[in-house]
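Chemist: Have a look at the structure that comes next, please.
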Amino acid sequence: MRSIILIAPPAAGKGTQSDMLVEKYGFAHISTGDMLREVAKTDEVIKSKLENGELISDDIVFDLLQKRLEQDDCKKGFILDGFPRNVNQAKRYDQIVDELGISSNVVIYLDVDKETALKRIVGRVSCPNCHRVFNDMIDEAMPKVSGKCDDCGSELIRRTDDNSETFGKRYDVYINNTAPLIDYYSEEGILYKVDSRMGKDEIFGVIENILGGIND
Ligand code: AMP
């Protein structure tokens, strides 16, 4: 079983690369952000934390993750998009890797500068139905019909935390909590850094090469 962790600042392309990996390899896509946005529909505390760009407690995140990992589509392998977000989550996840007998745990670090990430975030729109991500400010990522999902035709929406003010907070949270994972996983010898200022297809090509060079 394969586990692929994507670490990146906000709007570096985790969701887009996850979708491409799902399509090519058939892995399950586990986005803790998507799961929490679902919970936020009925939970005001989580909703306001998401809107402020704050991290949700580790216990809540692990509860959701454990249940998700029990589903059948995870048996072959899965992509963790947005998890772990701090070193404590990474340590707890290392225990899960042992318990599940995961043979290959790979961490892809999508490296992008703050300005590029901000540009990507202000144009980002996504499909509430199939979760596909588009960007109405980047030519190659625009939907074919403005405001509509290419795949399922649903009306595209903008996330409430995708604005320049919340981006600043989310970026600080990333630097303080998530960026230390780069050293953590480098020391474990499982981190691969990818320059994510490139287009999505070039980035995907680099990730394919990385995965192709690792045995399951
Ligand atoms: P994302 O969709 O990955 O950008 O996540 C959106 C928001 O969900 C984040 O800004 C956090 O508030 C929350 N979130 C997502 N994943 C986690 C996690 N692993 N731990 C804590 N909070 C998370």
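The values are calculated or read from the model by the stated rules, or taken from the named source; none is laboratory data. Keep in mind that what you see is a predicted model, and the values were worked out from it rather than measured. Ideal geometry is used to build each Cβ from the backbone, glycine not excepted, and the neighbour counts take in all protein chains shown. In case anyone asks, the SASA skips ligands and DNA or RNA and just uses the protein heavy atoms, side chains included. Shrake-Rupley method; radii C 1.70, N 1.55, O 1.52, S 1.80 Å.
Chemist: Run down Ile96, Ile79 and say which single residue is open to solvent by less than 20 Å² (accessible area, probe 1.4 Å), touching a His at 6+ places or on another chain (Cβ under 6 Å), touching a residue at least 12 places away in the same chain (Cβ under 8 Å) and over 23 Å from Glu165 (Cα atoms).
Modeler: Details: Ile96 fails: touching a His at 6+ places or on another chain (Cβ under 6 Å).
Ile79 is the lone residue from the list that is open to solvent by less than 20 Å² (accessible area, probe 1.4 Å), touching a His at 6+ places or on another chain (Cβ under 6 Å), touching a residue at least 12 places away in the same chain (Cβ under 8 Å) and over 23 Å from Glu165 (Cα atoms).
Chemist: Examine the range 57-71 for a residue that is near the ligand (Cβ under 10 Å from one of its atoms), polar (S, T, N, Q) and surrounded by fewer than 16 Cβ atoms within 10 Å (Cβ to Cβ), and state whether such a residue exists.
Modeler: Here is the first cut: in the range 57-71, the residues near the ligand (Cβ under 10 Å from one of its atoms) are 57-58, 60-62, 64-65.
Still in the list and also polar (S, T, N, Q): 57.
Right, trim to surrounded by fewer than 16 Cβ atoms within 10 Å (Cβ to Cβ) and you get 57.
Yes, there is a match, as at least one residue in the range 57-71 is near the ligand (Cβ under 10 Å from one of its atoms), polar (S, T, N, Q) and surrounded by fewer than 16 Cβ atoms within 10 Å (Cβ to Cβ).
Chemist: When the range 104-114 is examined, which residues are found to be modelled with pLDDT under 95 and in contact with a strand residue (DSSP E or B) (Cβ under 7 Å, 6 or more places away or on another chain)?
Modeler: Result: Ser104, Asn105.
Chemist: Confirm whether Ser146 is within 16 Å of the ligand (Cβ to nearest atom), farther than 24 Å from Ser104 by Cβ, over 18 Å from the mean Cα position of the chain (by Cα) and among the polar types (S, T, N, Q).
Modeler: On the way: within 16 Å of the ligand (Cβ to nearest atom): no; farther than 24 Å from Ser104 by Cβ: yes; over 18 Å from the mean Cα position of the chain (by Cα): yes; among the polar types (S, T, N, Q): yes.
So Ser146 does not fit the description; no.
Chemist: Can I ask one more? Give me the pairs, please: first residue somewhere in the range 142-163 and over 29 Å from Ile46 (Cβ atoms), second residue anywhere and in a loop (DSSP other than H, G, I, E, B) and open to solvent by 80 Å² or more (accessible area, probe 1.4 Å), beta-carbon distance under 8 Å, and either six or more positions apart or on two chains.
Modeler: Within 8 Å, the pairs are Asp150/Lys144.
Chemist: For the range 81-93, does any single residue satisfy the condition of being within 12 Å of the ligand (Cβ to nearest atom) and within 17 Å of Phe204 (Cβ to Cβ)?
Modeler: Yes, because at least one residue in the range 81-93 is within 12 Å of the ligand (Cβ to nearest atom) and within 17 Å of Phe204 (Cβ to Cβ).
Chemist: Please work out which residue is surrounded by the fewest Cβ atoms within 10 Å (Cβ to Cβ), limiting yourself to the range 153-195 and to residues that are over 21 Å from Leu118 (Cα atoms) and small (Gly, Ala, Ser).
Modeler: Gly189
Chemist: Within the range 26-47, how many residues are over 20 Å from Asp58 (Cβ atoms), charged (D, E, K, R) and either near the ligand (Cβ under 9 Å from one of its atoms) or surrounded by 12 or more Cβ atoms within 10 Å (Cβ to Cβ) (or both)? Steps first, please.
Modeler: So in the range 26-47, the residues over 20 Å from Asp58 (Cβ atoms) come out as 26-29, 41-42, 44.
Of the ones still in play, those that are also charged (D, E, K, R) are 41, 44.
Among the residues that remain, those that are also either near the ligand (Cβ under 9 Å from one of its atoms) or surrounded by 12 or more Cβ atoms within 10 Å (Cβ to Cβ) (or both) are: none.
The qualifying residues number 0.
Chemist: Of all residues in the range 119-148, which are at pLDDT 90 or above and either of a type in the set (A, V, I, L, M, F, W, C) or touching a Phe, Trp or Tyr at 6+ places or on another chain (Cβ under 6 Å) (or both)?
Modeler: Val125, Cys127, Phe134, Met142, Pro143, Val145
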